[in-house]
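**Student:** Okay, handing you the structure first.
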Amino acid sequence: MNHMKRRGFLGFGAATAGGTALNSLFPSWARSVSPGIAPTLPTLSGEEIALTIARAPWTVDGRTSHHTVAINGTIPGPLIRLKEGQRARLLVTNRLEEDTSIHWHGILLPFQMDGVPGVSFPGIRPGETFVYEFPVIQNGTYWYHSHSGLQEQLGHYAPIVIDPRDAEPAAYDREHVVVLSDFSFMHPHLIFKRLKQQAGVFNFQKQTLASLIAGKDQTFAERRDWDEMRMDPTDISDVTGAVLEFLVNGHGPRDNWTALFKPGERVRLRFINAAAQMNFNVRIPGLRLTVVQADGQNVRPVEVDEFQIGVAETYDIIVQPQEDKAYTIVSEAVDRSGMGRATLAPRPGMTGPVPLLRDRPLATMKDMGMDMSSMGHNMPGMDQGAMGQKMGVDAASMDHAAMGHSPPAGGMTPVPPGMAPPRQRGSDVMDMGSMEMSMRDPRNAPQVKMGPGVQTIAPMPMDRTGDPGQGLESVGHRVLVYKDLIALEPNTDLRSPTRTLEIRLTGNMERFIWGFDGRKFSENPPPYTFEKGERVRVTLVNDTMMAHPIHLHGHFFELAHGPQGYGPRKHTVNVLPGGKVSWDITAEAGDWAFHCHMMYHMHGGMFQVFSVRPLDGSNA
């Protein structure tokens, strides 16, 4: 492959109407100038835009893959630049041997244009062209991607920037679009097959005998407890750097995609997590980051040193480097199994120091939905200071039948007031000193269909929107949390919710089964139903030990915190393990996909539909 076809990009510059922006049309500061990399990703704008989906070889750090899917021949696909108030018409032609689609992630549009096969349209057959057409009624940073099969992992994704009708509230001198993603030379269908065959198959960071002897992670007793539960505290991400390359604008760490600046300039970086599976921790050592937008929506500026970006989220930040030197843009995998790397520099060819990977995080009691610190009083036989970091439980009382092995015999133990009554020891009860609590008690989630797809039910889930994310609790600097986000403008609907809906995020990590309320989408569960225009408080509760970035199509929801009427508006929220998140929506007519945006979790069943009626626009 001609290496000059590999592209870094900056998302600002003039573009020919409906066509590719020529490099000469971009100012010098808007060009990626890494050696051997073409200056820009194609930028498309105008009233009518043509996109072609086809196979194309792609090279990452000198190694070429031939099973990739590209949009107009590039990975990521072309940056689409629109203007608030225009009407978009996008002609998508499928040159693959299989069906494809494009979902316009975060874009408010008629549900028939949303691009989800089997939900909002039939998909795009091989050789066909589908025309998406909708008014552009918003502005901000978004992206687009396939909703067919596992094509996202193959390269079928790209950025969108919608310029506001009026002036931007956050001033800046130049901007760069930074698309983070993961890529594998192993075909995604094989990845999924291996995940089904063996839990933790890609986790190469498991605890060793040496680390146990050294007492680095856990004691022998704690390790034994986790083993008896068939759970691994190092299993933070199903698919890891063992088989993933972490890219910035389609380039691997050795490619060193570079964005330019002049000292003293305010530089806007539009971060998009277009990964199939990986959440990233983003920082630029030596620079403070001012967050001005989340999921395309303006927020009150908040200054941090690092932020965690879940799959499908976007964050716009502003940095103002004063020194004439290079800085490294670090996108570290949440499980610390690798990192993406790019450079922010005043001149071509410069590099900044690249930090080492930090120690991998370990799952804790809080990640099980069993954080004793939230109870506000001492529990007998428990070390309160250690509970947030170590297990220290009698795991022989887990539901071993659900995990594929036989339970031991046991008896009953008294229970403190307020805890679920114990059931027969060996079924689903954990003994912590003199306290027992159920890990699969259906009374804790009566809407959940119990079965092999439900490994645990969090007995004490807590609001974790004030937590920075796994592994970031003690990094020594300020990390963005959801509670830092406050909408810059008042919410568009200030009504209080008229009803509540709790949805449990369920799964079995051993069998790689995922779902909502214990049901996989392949089991044809009934959709969640809403009435057009109604105001609903939705609470997501994560009963699993992995984070899930949950995306609702066709809507923005307001997180239920902050000053009244200024809840941050998002389209995707990362629900930490053992945690819960509440948000309010105003239901828009249509059938809307609702799913975990980790592609392999969605493929494994964590997908549903929000069905909003009536469709004729009336409220009758």
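**Student:** Which of (1) under 23 Å from Ser496 (Cα atoms); (2) in a loop (DSSP other than H, G, I, E, B) does Phe610 not meet, given it meets every other one?
**Tutor:** (2)
**Student:** Okay, moving on. How many residues does region 108-142 contain that are among the acidic types (Asp, Glu) and in contact (Cβ under 8 Å) with a residue 40 or more places away in the chain? Explain how you work it out, then say what you get.
**Tutor:** The initial filter retains those residues of region 108-142 that are among the acidic types (Asp, Glu), namely 114, 128, 133.
From what's left, in contact (Cβ under 8 Å) with a residue 40 or more places away in the chain: 114, 133.
The number of residues fulfilling the criteria is 2.
**Student:** OK, next. Restricting the search to region 110-137, which residues are farther than 19 Å from Gln608 by Cα and part of a loop (DSSP other than H, G, I, E, B)? Walk me through how you get there before you give the answer.
**Tutor:** Kept after step one, since they are farther than 19 Å from Gln608 by Cα, are these residues of region 110-137: 124-137.
Arg125, Pro126, Gly127, Glu128, Val136, Ile137 - these are the residues of region 110-137 that are farther than 19 Å from Gln608 by Cα and part of a loop (DSSP other than H, G, I, E, B).
**Student:** Could you list, in sequence order, all residues of region 562-577 that are touching a Pro at 6+ places or on another chain (Cβ under 9 Å) and at pLDDT 95 or above?
**Tutor:** Let us first name the residues in region 562-577 that are touching a Pro at 6+ places or on another chain (Cβ under 9 Å), namely 562, 565-566, 572-575.
Passing the criteria: Gly565, Tyr566, Thr572, Val573, Asn574, Val575.
**Student:** Now a separate question. Identify, please: which residue in region 496-526 is under 16 Å from His603 (Cβ atoms) and of a type in the set (Gly, Ala, Ser) and is, among those, surrounded by the fewest Cβ atoms within 10 Å (Cβ to Cβ)?
**Tutor:** Ser522
**Student:** Between Pro263, Pro321, which is in a loop (DSSP other than H, G, I, E, B), closer than 15 Å to His176 by Cβ and over 23 Å from the mean Cα position of the chain (by Cα)? Quick ask: steps written out before the conclusion?
**Tutor:** Working: Pro263 fails: closer than 15 Å to His176 by Cβ.
Answer to the selection: Pro321.
**Student:** Follow-up question, since we're still on this one. Return the only residue of Pro355, Pro361, Pro301, Pro346 being more than 30 Å from Ile162 (Cβ to Cβ) and in contact with a strand residue (DSSP E or B) (Cβ under 9 Å, 6 or more places away or on another chain). Reasoning before the result, please.
**Tutor:** On the way: Pro361 fails: in contact with a strand residue (DSSP E or B) (Cβ under 9 Å, 6 or more places away or on another chain); Pro301 fails: more than 30 Å from Ile162 (Cβ to Cβ); Pro346 fails: more than 30 Å from Ile162 (Cβ to Cβ).
Of Pro355, Pro361, Pro301, Pro346, the one residue that is more than 30 Å from Ile162 (Cβ to Cβ) and in contact with a strand residue (DSSP E or B) (Cβ under 9 Å, 6 or more places away or on another chain) is Pro355.
**Student:** Would you mind stating whether Glu558 is assigned to a loop (DSSP other than H, G, I, E, B) and over 17 Å from the mean Cα position of the chain (by Cα)? Give the steps one after another, and end with the answer.
**Tutor:** On the way: assigned to a loop (DSSP other than H, G, I, E, B): no; over 17 Å from the mean Cα position of the chain (by Cα): yes.
Judged against the criteria, Glu558 is not a match.
**Student:** What's the number of the only condition in (1) surrounded by fewer than 23 Cβ atoms within 10 Å (Cβ to Cβ); (2) within 22 Å of Gln447 (Cβ to Cβ); (3) touching a Ser or Thr at 6+ places or on another chain (Cβ under 9 Å); (4) among the small types (Gly, Ala, Ser) that Ala587 fails to meet?
**Tutor:** So Ala587 meets the others, but not (3).
**Student:** Additional query: Please state which of the following conditions Asp591 fails to meet, knowing it meets all the rest: (1) of a type in the set (D, E, K, R); (2) touching a helix residue (DSSP H, G or I) at 6+ places or on another chain (Cβ under 7 Å); (3) within 17 Å of Pro461 (Cα to Cα).
**Tutor:** With (1) of a type in the set (D, E, K, R); (2) touching a helix residue (DSSP H, G or I) at 6+ places or on another chain (Cβ under 7 Å); (3) within 17 Å of Pro461 (Cα to Cα) applied to Asp591, the lone miss is (3).
**Student:** To continue, here is another question. Take Val178 and tell me if it is closer than 24 Å to Glu313 by Cα and either crowded, with 21+ Cβ neighbours inside 10 Å or out of contact with any Phe, Trp or Tyr (no Cβ under 7 Å at 6 or more places or on another chain) (or both).
**Tutor:** Values: closer than 24 Å to Glu313 by Cα: yes; either crowded, with 21+ Cβ neighbours inside 10 Å or out of contact with any Phe, Trp or Tyr (no Cβ under 7 Å at 6 or more places or on another chain) (or both): yes.
So Val178 passes the test.
**Student:** Quick test for you: out of Val239, Val282, pick the one residue that is outside any strand (DSSP E or B) and either surrounded by 20 or more Cβ atoms within 10 Å (Cβ to Cβ) or touching a strand residue (DSSP E or B) at 6+ places or on another chain (Cβ under 9 Å) (or both). Can you show your working first?
**Tutor:** Numbers: Val282 fails: outside any strand (DSSP E or B).
None of the other options fit; the residue is Val239.
**Student:** Exactly one condition in (1) at positive phi; (2) under 18 Å from the mean Cα position of the chain (by Cα); (3) not polar (S, T, N, Q) is false for Gly533; which is it?
**Tutor:** For Gly533, the failing item is (2).
**Student:** Next up: Run down Pro39, Pro35, Pro122 and say which single residue is surrounded by fewer than 15 Cβ atoms within 10 Å (Cβ to Cβ) and at pLDDT below 95.
**Tutor:** Details: Pro39 fails: surrounded by fewer than 15 Cβ atoms within 10 Å (Cβ to Cβ); Pro122 fails: at pLDDT below 95.
The conditions single out Pro35.
**Student:** How many residues are among the acidic types (Asp, Glu) and either within 26 Å of Ala458 (Cα to Cα) or assigned to a strand (DSSP E or B) (or both) when one looks only at region 561-588?
**Tutor:** Of region 561-588, the ones among the acidic types (Asp, Glu) are 584, 588.
Then keep just the ones that are either within 26 Å of Ala458 (Cα to Cα) or assigned to a strand (DSSP E or B) (or both); that gives 584.
Number of matching residues: 1.
**Student:** Going through Arg89, Arg81 one at a time, which residue ends up being surrounded by fewer than 17 Cβ atoms within 10 Å (Cβ to Cβ), of a type in the set (Lys, Arg) and assigned to a strand (DSSP E or B)? Quick ask: steps written out before the conclusion?
**Tutor:** Working: Arg81 fails: surrounded by fewer than 17 Cβ atoms within 10 Å (Cβ to Cβ).
Criteria check complete, one pass: Arg89.
**Student:** Answer yes or no as to whether Leu559 is at pLDDT 95 or above and in contact with a Leu (Cβ under 9 Å, 6 or more places away or on another chain).
**Tutor:** When the stated conditions are applied, Leu559 passes them.
**Student:** Still on this structure, I have one more. Just to be sure I understand, how many residues within region 453-496 are farther than 30 Å from Asn139 by Cβ and either among the polar types (S, T, N, Q) or outside any loop (DSSP other than H, G, I, E, B) (or both)?
**Tutor:** 7
The values are calculated or read from the model by the stated rules, or taken from the named source; none is laboratory data. Because the structure is predicted, anything quoted here is derived from the model rather than measured. Every residue, glycine as well, gets a Cβ built from its backbone with ideal geometry; the counts of neighbours run over all protein chains shown.
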